[in-house]
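J.: This is the structure I have questions about; it appears just below.
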Amino acid sequence: MSFSGLIVQLLNGLASASSLFLVAAGLSLIFGVTRIVNFAHGSFFMVGVYIAYTLAERLGGSVGFWVALPLAALAVGLLGGLIEFTLLRRIYKAPELFQLLATFALVLVIKDAVLWLWGPDELLGPRAPGLSGSVQILGRQFPSYDLFLIVVGPLVLGAVWLLLTRTRFGTLVRAATQDREMVSALGVNQAWLFTGVFALGALLAGLGGALQLPREPATLEMDMTTIGAAFVVVVVGGMGSLPGAYLAALLISLIKAVCVWLGVVTLLGHGINFSKATLVVDFVVMAAVLVWRPWGLLGRPQAPSRYVGMQEEPLRRAGKPFVAAVVVLALVLAALPLLTAGSPYTTVLLIDLLIAALFAASLHFIMGPAGMHSFGHAAYFGLGAYGAALLGRAAGLPMEATLVLAPLVAGVGALVYGWFAVRLSGVYLAMLTLAFAQITWAIVYQWDDFTGGSNGLTGVWPAEWLGDKTHYYWLTLLLVGVGVWGLRRVLFSPFGYALRAGRDSVLRADAIGIDVKRAQWVGFVVAGVVAGAAGALYAYSKGSISPESLAVGKSVDGLVMVLLGGIQTLAGPVVGAFTFTWLHDAVARNTDYWRAMLGAIILILVLLFPQGIAGSVKQMVDRWRGRRDDLAADELARNPLQADVATGEVAR
């Protein structure tokens, strides 16, 4: 650890901050105007790298390389505008979370499109002509191209600032960020404004990717890695603040650089590897900033919302037809292993479907009735899975005991994380849950002696009486049924009504004496316990557990299940879980490009069922009932004598 080494690492951090800022600036612009949480923004970054590689190779020479970078950015900008025009414009009237689901589907489609066009191998771009060497700084060599990147960041920030403050387009963008409805009322063509902003945001992401070509190879994993970091920067800097995004990019990149410089440090006889902290330091910074300053470094505090939530029909207790249908479904599910005895894989798939349904139902519990959006629900699923595995292996407890205690482990995690999370709302709450989940994942991933590290834990087998998969399936069916039924019962209790009251209007709920934050905190714990139960069942069904059970991909899967089924219906998460898990399995087994096919199916479902599958079916049934009631009313109007007789019968 020398002073010259520190300076070089800090310069490395400044270079990384420039590319990170470009991606975050585009994401911030898109969210500020369109209100879309664009999961596909990392894909634009990835496409920018690949297109820059192809153009630099085709054009060749020194001039060809420098021409390839802006051309790649323009190509990605056009791609973003085309996607907004052909797809996203059709779903702007859908709930915002369903727009998020559409962008997730785009991630799958774009990833497989890149795989088809460029193949699975890493592609290493050429060195930047004229900047391929290095300069000496305090006796150490530092790449010349990185000095160029350090300059690019402030230049782009200044150019975007001038665009937003000195042009009519920029004025409209800033106005739309403040009040989209008023901009539309003033006669501005909102559709083309959205297209322009989306294309500009995609262009910035593509430019950030193209500029990375000489620094790192193009890979298929760049999209999810980049979008996570970009979300962190936008939230830490403050939603809608470009200077805040640049400041956050600098802060996070410099802290990572310092961690690399520190390396392994011995404290009190124990070696601490700070280099490993780079996996999670950005999420630690985000969690700390949101707890200290919930609106970000340069963001503006949100005023107490007086918004009364969308009018939704009150939840109704299940009628006899619904109860009868559930009983029939349960009997069919119980009989399926016997009917498919010749196909053992069917039983394994059914277990996965049931566990996914319980996980999705727990997430829906806080997203739907409680109105708290969580991007890190996999933390509780993973805590339950690791809790069961560790209690069984390390403590030697029987499986039956671990199935009781493991959900409590997840509940403790939800108790701690929920205390901080319920003090925020909206995107900030969702991102804080993501930060806590990533911190949990990093601890599990790197604690080799206790959790097995990246290898996970094996030998997590059920009790002998459940050695037969059919028996384990029946136990899973019973516990999942009890879990879903229990969540439904809670929603019809006074506590459930308090949750929905806080969701619809915090101020009104507070005015009638409901402690909204406490109710939300308890809701977090309940959802965490149920998610932990799903994780424990998952661990025993697979016989092993790995850090992937806590990764962000698992949280995204849960979101997709809830949104695909319909967030405004109690049956939605179960329908969405069965649909998504079955589609994922069926498509992945039948084609190499399963992501593209799965993404296309999700996009079609989003366009056909903007309220989710169960929500749209419920909407159609309600319309049919409404028409039937209207016809009955018309019939009575045409026969007033019958109406009088009916009225007299009611009176008697």
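J.: By per-residue mean of other Cβ atoms within 10 Å, what is the highest-first order of 132-143, 228-239?
T.: 228-239, 132-143
J.: With the other protein chains left in place, how much accessible area per residue, in square angstrom, belongs to the range 1-96 at a 1.4 angstrom probe? Walk me through the numbers on the way to the answer.
T.: Details: 3450 Å² over 96 residues.
With all protein chains present, the range 1-96 gives 36 Å² per residue.
J.: Compare the Cα positions of 141, 616, 349 along the charge dipole of the chain (+1 at Cβ of Lys, Arg; -1 at Cβ of Asp, Glu; about the Cα centre) and return the one farthest towards the positive end.
T.: Towards the positive end, the residue furthest out is 616.
J.: So for the range 443-534, what are the equivalent ellipsoid semi-axes in whole Å, largest first, each being the square root of 5 times an eigenvalue of the Cα gyration tensor? List each step's numbers first, then the result.
T.: Details: eigenvalues 276, 92, 10 Å².
Rounded to whole Å, the semi-axes are 37, 22, 7.
J.: Highest first, please rank the peptides 115-123, 66-74, 354-362, 587-595 by the mean number of other Cβ atoms sitting within 10 Å of their residues. Write down the numbers at each step before the final one.
T.: Numbers: 115-123: 12.1, 66-74: 19.7, 354-362: 28.8, 587-595: 14.4.
The peptides rank, most packed first, as 354-362, 66-74, 587-595, 115-123.
J.: Still on this structure: Rounding to the nearest 20 debye, state how big the charge dipole of the chain is about its Cα centre with +1 on each Lys and Arg Cβ and -1 on each Asp and Glu Cβ.
T.: Details: 42 positive and 35 negative charges, 243 e Å.
Dipole of the chain, to the nearest 20 debye: 1160 debye.
J.: Amide H to amide H, which residues 5 or more places from residue 544 or on other chains are under 5 Å from it, using H placed in the peptide plane?
T.: Sorted by chain and number, the residues that satisfy this are 460.
J.: Where does the Debye-calculated log10 I(q)/I(0) of the chain sit at q = 0.05 Å⁻¹, using only Cα point scatterers of equal weight, no solvent?
T.: Debye output, listed in q order: -0.26.
J.: For residue 297, which sequence-distant residues (separation of 5 or more, or a different chain) have an amide H within less than 5 Å of its own amide H, given hydrogens modelled in the peptide plane?
T.: Result for residue 297 returns 237, 238.
J.: Taking R0 as 41 Å, what FRET efficiency do you get between residue 3 and residue 167 from their Cβ-Cβ distance, rounded to the nearest 0.05? Write out the running numbers ahead of the final one.
T.: On the way: r = 45 Å, r/R0 = 1.09.
For R0 = 41 Å, the calculated efficiency reads 0.35.
J.: Once phi is turned into θ = phi - 60°, what whole-Hz ³J(HN,Hα) does the Karplus curve with 6.51, -1.76 and 1.60 give for every residue of the range 252-261, x standing for Gly and Pro?
T.: Each residue of the range 252-261 in turn: 5, 5, 6, 5, 4, 4, 5, 4, 5, 5 Hz.
J.: Right, next: In whole percent, and with a 1.4 Å probe on the protein chains, what portion of the accessible area of the chain is carbon and sulfur?
T.: On the way: 19640 of 29920 Å².
Summing carbon and sulfur atoms, their accessible area is 66 percent of the total for the chain.
J.: Could you do me a favour and compute the accessible area per residue for the range 137-176, 1.4 Å probe, result in Å²?
T.: Details: 2160 Å² over 40 residues.
Per residue, the range 137-176 has 54 Å² of solvent-accessible surface.
J.: Check which residues have an amide H placed less than 5 Å from residue 134's amide H, if you skip close sequence neighbours.
T.: 144
J.: Also: How big is the dipole moment of the range 34-108 about its Cα centre under a simple scheme where the beta carbon of each Lys and Arg is +1, that of each Asp and Glu is -1, and everything else is neutral? Debye, nearest 20, please. Write out the running numbers ahead of the final one.
T.: Details: 5 positive and 3 negative charges, 48 e Å.
Charge dipole of the range 34-108: 220 debye, to the nearest 20.
J.: At 37 °C and 0.692 mPa s, grab the translational diffusion coefficient of the range 483-602 from Stokes-Einstein with a Kirkwood Rh over Cα pairs, rounded to a whole number in µm² per second.
T.: On the way: Rh = 16.7 Å.
The Stokes-Einstein estimate is 197 µm²/s.
J.: HN-Hα J couplings of the range 107-112 from phi, Karplus 6.51/-1.76/1.60, θ = phi - 60°, integer Hz, Gly and Pro as x?
T.: Per residue, the Karplus-derived 3J(HN,Hα) values read 4, 5, 5, 5, 4, 6 Hz.
J.: Going highest first, how would you order 80-90, 534-544 by mean Cβ packing within 10 Å? List each step's numbers first, then the result.
T.: Values: 80-90: 18.8, 534-544: 24.9.
My ranking of the peptides, most packed first, is 534-544, 80-90.
J.: Go ahead and run the numbers for FRET between residue 507 and residue 292, Cβ-Cβ distance against an R0 of 22 Å, rounding to 0.05.
T.: Numbers: r = 25 Å, r/R0 = 1.14.
Using R0 = 22 Å, I get an efficiency of 0.30.
J.: In whole Hz, with x marking every Gly and Pro, tabulate ³J(HN,Hα) for the range 413-418 from phi via Karplus 6.51 cos²θ - 1.76 cosθ + 1.60, θ = phi - 60°.
T.: x, 5, 4, 6, 5, x
J.: Over all distinct Cα pairs, what is the inverse of the mean 1/r for the range 365-468, reported as the Kirkwood hydrodynamic radius in Å?
T.: 14.9
J.: Hey, which lysines would be in cross-link range of residue 320, C-alpha to C-alpha under 26 Å, not counting anything within fewer than 8 residues on its own chain?
T.: 618
The values are calculated or read from the model by the stated rules, or taken from the named source; none is laboratory data. Everything numeric in this text was worked out from a predicted model, so none of it was measured. Every residue, glycine as well, gets a Cβ built from its backbone with ideal geometry; the counts of neighbours run over all protein chains shown. Surface areas here come from the heavy atoms of the whole protein model, side chains and all, with no ligands, DNA or RNA. Shrake-Rupley method; radii C 1.70, N 1.55, O 1.52, S 1.80 Å.
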